[in-house]
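This report concerns only the one structure given below.
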Amino acid sequence: MKTKTQVGIVGAGPSGLLLAQLLHRHGIESVVLERQSRDYVLSRIRAGVLERGTVALLEQAGVGERMRREGLAHDGVMLQFDSRLHRIDFRELIDSSVMVYGQTEVTRDLMNARDASGGLTVYEAQDVTLVDFGSDRPRLRYIKDGESHELECDYIAGCDGYHGVCRSSVPAEKIQLFERVYPFGWLGILSRTRPLDEELIYTSHERGFALASMRSHSVSRYYVQCTLEDKVEDWSDDRFWDEFRLRVGPEVAARLETGPSIEKSIAPLRSFVAEPMRFGNLFLVGDAAHIVPPTGAKGLNLAASDVGYLSRALIERYQTGDARALATYSETALRRIWAAERFSWWMTSLMHRFPETTGFDRRVQVAEFNYLSGSRAASTALAENYVGLPH
């Protein structure tokens, strides 16, 4: 079966659905193809800290009402080194804030908006193949319920993640990959417990990194740095809570409310960028083009900024015929991506214990923290990057 649309979007995660919603609000048609089921997409536990620019983009897409009602606005973040706490006050330093609102909830809001718009999302689309994306007649082929389909479109947006088909369809000689794999991971648990603090607490300890985060006033998210050899089954809830207490210290741990985990997983950390992000009429978006370690809370936010750039370029192309913003999409997006990669690498290097860390290295980390806690300029730089550089 052959069909036609203006923009074919591969991937029904938040970036693909946000792009579809922004285009819809400007009268541009799209079809979204997703390899997994709708329930599977909603089951993925991901980031929960939204930059100011991401919040603004969701509001532009008309999906900000529940986020504003249920999300938690944070005016700062806490850093802790060996039981010494320093608060980065976003409101006082740069008059801004971030929003804690889970990626699952962002995705749910976008799915509901997609349903309301009548736009087509094909879940469980198998064997998606990109055809002639270097030409002016790109196509997407896929199988749904055993039947072959071909979708003709003007442009293809590859929003299908790090392991998706879009980036892997680009000939190796036309793409350059940059990567750093970190020698540790994050063991994370979700629990129906009251958050440890009103704001996130990032902790650097001689035993490794720890993070106290949250999803709501009654659901908390906690992490500890672990080795790449660790397995989830090696970590009972009791072992996790004991280790977390050790890392955050007795004063902070005294406020900790523990309970059974409702989700537990280990995420390896990596920095990754693919250049360029445009190949003919194929545009890579989000994790298809870049990965950051979660330390700086940039993954979902970088995907959203890509969507912002690409949606504006496509709207301009369809409304005025001007394709200049499409031509510069890759260059524009990559400038912001590398700034976020640098910040995420810096925070990861500052807060984690590496296997090769020496006494000298640890003292340099402490000196960096001392400078940060004693310098308004250094705290302001962290605040600007954490809250999000301008789109």
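If you check 377, 297, 327, 274 for being aliphatic (A, V, I, L, M) and modelled with pLDDT under 95, only one passes: 297.
Each row is one residue, and each column tells you yes or no for (1) touching an Asp or Glu at 6+ places or on another chain (Cβ under 7 Å); (2) buried (at least 23 other Cβ atoms within 10 Å of the Cβ).
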position	(1), (2)
285	yes, yes
316	yes, no
324	no, no
343	no, no
359	no, no
380	no, no
389	no, no
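Pull up the stretch 260-273, narrow it to residues that are within 16 Å of the chain's Cα centre (by Cα) and not β-branched (Val, Ile, Thr), then point me to the one that is nearest to residue 218 (Cα to Cα). Looking at the filtered set, the residue picked out is 267. Within the stretch 1-28, the set of residues being of a type outside the set (A, V, I, L, M, F, W, C) and in a strand (DSSP E or B) comprises 2, 3, 4, 8.
Table: residues versus (1) of a type outside the set (Ser, Thr, Tyr); (2) assigned by TED's automatic domain parsing to the domain that holds residue 61; (3) in a helix (DSSP H, G or I); (4) under 15 Å from the mean Cα position of the chain (by Cα).
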residue	(1), (2), (3), (4)
304	yes, yes, yes, yes
315	yes, yes, yes, no
322	yes, yes, no, no
340	yes, yes, yes, yes
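Where strands (runs of 3 or more DSSP E) fall wholly inside the stretch 35-145, the ranges with 2 or more residues that are among the β-branched types (Val, Ile, Thr), surrounded by 14 or more Cβ atoms within 10 Å (Cβ to Cβ) and modelled with pLDDT of 95 or more are 98-100, 120-122, 126-131. Tallying residues that are in contact with a helix residue (DSSP H, G or I) (Cβ under 7 Å, 6 or more places away or on another chain) and part of a loop (DSSP other than H, G, I, E, B) within the stretch 369-389 yields 2.
Evaluating residue 353 against the criteria (1) part of a helix (DSSP H, G or I); (2) in contact with a Lys or Arg (Cβ under 8 Å, 6 or more places away or on another chain) leaves one unmet condition, (1). Please go through the stretch 207-248 and give me each residue that is of a type in the set (Gly, Ala, Ser) and farther than 20 Å from residue 47 by Cα, ordered by number. Answer for the stretch 207-248, where residues must be of a type in the set (Gly, Ala, Ser) and farther than 20 Å from residue 47 by Cα: 208, 236. Within the set 101, 155, 123, the sole residue that is aromatic (Phe, Trp, Tyr) and touching a Pro at 6+ places or on another chain (Cβ under 8 Å) turns out to be 155. You will find that of 229, 233, 251, 243, the residue that is surrounded by 17 or more Cβ atoms within 10 Å (Cβ to Cβ) and not assigned by TED's automatic domain parsing to the domain that holds residue 295 is 243 and no other.
For the stretch 172-188, filtered to residues that are over 18 Å from the mean Cα position of the chain (by Cα) and buried (at least 16 other Cβ atoms within 10 Å of the Cβ), the residue that is farthest from residue 280 (Cα to Cα) is 184. Go through the residues of the stretch 89-96 one by one and say whether even a single one is in contact (Cβ under 8 Å) with a residue 12 or more places away in the chain and touching a Phe, Trp or Tyr at 6+ places or on another chain (Cβ under 8 Å). Checking the stretch 89-96: at least one residue is in contact (Cβ under 8 Å) with a residue 12 or more places away in the chain and touching a Phe, Trp or Tyr at 6+ places or on another chain (Cβ under 8 Å). Scan the stretch 230-262 for residues that are of a type in the set (Gly, Ala, Ser), in a helix (DSSP H, G or I) and in contact with a strand residue (DSSP E or B) (Cβ under 9 Å, 6 or more places away or on another chain) and the total you get is 1. I'd like the full set of residues that are within 23 Å of residue 130 (Cβ to Cβ) and not aromatic (Phe, Trp, Tyr), limited to the stretch 39-55. Residue satisfying the conditions is 41 alone.
Selection of the stretch 17-68 for residues being under 20 Å from residue 99 (Cβ atoms) and either of a type in the set (Asp, Glu) or not assigned by TED's automatic domain parsing to the domain that holds residue 340 (or both) yields 51, 59, 65. Put simply, of 161, 118, 134, 146 the only residue that is out of contact with any Asp or Glu (no Cβ under 7 Å at 6 or more places or on another chain) and touching a residue at least 24 places away in the same chain (Cβ under 8 Å) is 134.
The values are calculated or read from the model by the stated rules, or taken from the named source; none is laboratory data. Being a predicted model, the structure only gives us computed values, none of them experimental. Neighbour counts are summed over all protein chains in view; Cβ atoms, including those assigned to glycine, are modelled from backbone coordinates with ideal geometry.
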